[in-house]
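These notes concern the structure reproduced below.
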Amino acid sequence: MAVAVFASSVALCGAAGASTLPRSPVTTSQAKPAAPKIYMQRSGTGNKEIASMMVPPKSSVVWRFDCQNAPKQRGTFVLSSKEQGHSAVKLTDQTGLGGGGQKPFWQSGRYSFGVNTSCGWTVTVESTPLPAAK
């Protein structure tokens, strides 16, 4: 009988104690940003000319390269773009085991891309531009 009385007083104390505890604030989760829309994605190893395509406004060109299987496990990766009717512009010139980056395209245009490397690479045009510099 003593055990039953002890158990009920613990239950009563526990219930009373719980009601006097401060409530934790309610947090709402923020919506995740939408996945980027992929307009073009090409992958390969070595040099490649990527055919001309229409790049929409507020897009980014995103690149990754991996030189771990390249001769000497170190290489260079050069990516250039050429807008129709204009000269080629170097977007990046990187050296190392691998890396990547992205470049925003705020205005639309017809572009081709050139990759110059002995490494493996992926080049993507997607709908997620970098934020503007402040």
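Read-outs throughout are calculated quantities, based only on the coordinates presented, and are distinct from any laboratory measurement. None of these values were measured; they are calculated from a predicted model. Here Cβ is always computed from backbone atoms with ideal geometry, including for glycine, and neighbour counts include all displayed protein chains.
Highest average first, the peptides 36-48, 56-68, 105-117 ordered by how many other beta carbon atoms sit within 10 Å of their residues are 56-68, 105-117, 36-48. The equivalent ellipsoid of segment 75-119 has semi-axes of 22, 12, 7 Å, largest first, where each one is the square root of 5 times an eigenvalue of the Cα gyration tensor. Working from label points 7 Å from Cα in the Cα-to-Cβ sense, the ASP93 to ARG74 distance is 1.8 nm. Counting every other Cβ atom within 10 Å of each residue's Cβ, GLU126, GLU49 order from fewest to most as GLU49, GLU126.
Working from the Cα coordinates of segment 38-126, the gyration tensor eigenvalues give, after taking √(5λ), semi-axes of 23, 12, 11 Å in decreasing order.
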